[in-house]
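Below is one structure, written out as structure tokens, with a few remarks after it.
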Protein chains: 4
Amino acid sequence: MSITTEPGTIEHGTVEQGAVEQGAVEHGAAEQGVVQHGYTADKDALLKRLRRAEGQVRGVARMVDEDAYCIDILTQVSAATKALETVALQLLEDHLAHCVAEAAEAGGPVAQAKLAEASAAIARLVRS
Amino acid sequence: MSITTEPGTIEHGTVEQGAVEQGAVEHGAAEQGVVQHGYTADKDALLKRLRRAEGQVRGVARMVDEDAYCIDILTQVSAATKALETVALQLLEDHLAHCVAEAAEAGGPVAQAKLAEASAAIARLVRS
Amino acid sequence: MSITTEPGTIEHGTVEQGAVEQGAVEHGAAEQGVVQHGYTADKDALLKRLRRAEGQVRGVARMVDEDAYCIDILTQVSAATKALETVALQLLEDHLAHCVAEAAEAGGPVAQAKLAEASAAIARLVRS
Amino acid sequence: MSITTEPGTIEHGTVEQGAVEQGAVEHGAAEQGVVQHGYTADKDALLKRLRRAEGQVRGVARMVDEDAYCIDILTQVSAATKALETVALQLLEDHLAHCVAEAAEAGGPVAQAKLAEASAAIARLVRS
């Protein structure tokens, strides 16, 4: 977890957002620049996957519109759902590996808040 | 569930598609007309919901593109997933209430095939 | 759910239960005997699977009690959850193939009620 | 997240287990004592919940054995599944808040391994 922050850049999961505003200060540079998150390195892959998921959802609508067979539509809905699930798991993994790990290193209430926030997100994901 | 199909129309869940081609004959008229499925009556509602889901997925992509906070993106992904799940459950309910019910009335191997097909779709949905 | 069946047999998913009491008459024999459900033929397999699931849950408790490693416990929880999911899908498949199919053949409000009930059960399963 | 471990005790999520054996050294005392994990503080609540889940699974078996109505059995299966899900989420939350947070503080390959392991566990949970 080596973080070489250049001016104006917050590497790996900015802590300045959400419920833990004060965390930003600890990583400095929040005021100047390009915000980067845990998923920054995977951004292109995520966007590509999301474009495909969007196309799949549009495909489902087209199938309904063209009176396709129910079961075939359901198969396509499952594919779109799986694609979104993969996106969610990637975002979560990146978030843990960067934002949460960084907050944990910093420790204190910022870390507590980040961990509680991540656990709540996981619970939402598991239950959805 | 007695269905008096007028020419050119297959009411409620055509059985002529998928693995049970021969079912069509029993309902006649497959050659002439507007194909209707279990979800036909819910088509507008389904399409509306799918447009919204598509917009939500596009919203997720925009958030990633604009470097939004990981947890906020995850919340939006969950919303899109839930929307798709609702679409799937509606399609399945319509499918059972029409296609499967109709096949069950007809009985025989057509009914068996339809029921097995529906159960497989449910399993995919539960496991996705 | 108190069922006082007199001598006799109701094959495949008694319709005399739940919201659709009157359905029983249509299948006759309600007065004589052993109640059978869609899952009757799979009963031994289901019971075996459930005993295993019960053992898995007990295994999870033992792991917690003996301070096993969190991730190893989670793996065991997943195994138990999967076993229960398989039981649920089997029950549902049997229910559709017998109770629901039989009600659909009978038609009318009994069929409607059975189908709505099955769809609600599927939704609970998908969302759990 | 400063942990002052007394002799013979490893507080909060031992790192000496699993794939990251070397982590143990950093927390010392692995050789002498009571192993504690992230879930140690929640142990009683977890065990109570697991006993209840076990009873629910046994209840499902009894219902099958006594020929209960399919849909009623499914409702009970869902209750058991939800109970296990709650246990899993609690274990995961504790694991993140202790084992993972601690590893993140330590940093290096141990932290990487812990984070990857946690992400894999989350993926299994979401997909089960």
- Between residue B:112 and residue C:113, the FRET efficiency computed from the C-beta separation at R0 = 30 Å comes out, to the nearest 0.05, as 0.80
- Task: Quick one: net charge around residue B:104, please, counting Lys, Arg +1 and Asp, Glu -1 for every other residue with C-beta under 12 Å from its C-beta.
- Result: -2
- Which order do A:42, A:72 fall in if you start with the one that has the fewest other Cβ atoms within 10 Å? A:72, A:42
- Task: Determine, from the Cβ-Cβ distance of residue A:47 and residue B:45 and an R0 of 41 Å, the FRET efficiency 1/(1 + (r/R0)^6), rounded to the nearest 0.05.
- Result: 0.85
- Note on the structure: For the table D:82/D:114; B:43/C:43; B:43/B:114; D:43/D:114; A:82/D:43; A:114/D:43, the rows whose alpha-carbon distance is greater than 30 Å are B:43/C:43; A:82/D:43
- Query: Just going by the charge dipole of region C:59-128, with Lys and Arg at +1 and Asp and Glu at -1 on Cβ, which of C:112, C:79, C:68 is farthest out on the positive end?
  - Reply: C:112
- Electrostatic dipole magnitude of region B:39-127 [Cβ: Lys, Arg +1; Asp, Glu -1; Cα centre; debye, to 20]: 40 debye
- Beta carbon of chain D nearest to the axis of the rotation taking D to A, residue and angstrom distance: D:104, 2
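What is the local net charge at residue B:128, summed over the other residues whose Cβ is closer than 11 Å to its Cβ (Lys, Arg +1; Asp, Glu -1)?
Surrounding charge for residue B:128 is +2.
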- Item | Anisotropy class of region B:39-127 from Cα gyration tensor, a/c 1.5 cut | prolate
- Message: Please report the net charge: other residues with Cβ closer than 11 Å to the Cβ of residue B:86, K and R +1, D and E -1.
- Response: +2
- Would you kindly work out, in nm and rounded to one decimal, the distances from the label point of residue C:127 to those of the same position in each other copy, ordered shortest first, with label points 7 Å along Cα-to-Cβ? 1.2, 2.4, 2.6
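Any read-out appearing in this document is the output of simple, stated calculations on the displayed coordinates, not a laboratory observation. Small disclaimer: the values here were computed from a predicted structure and weren't measured. So basically every Cβ, Gly included, is an ideal-geometry build from the backbone, and we count neighbours across all protein chains shown.
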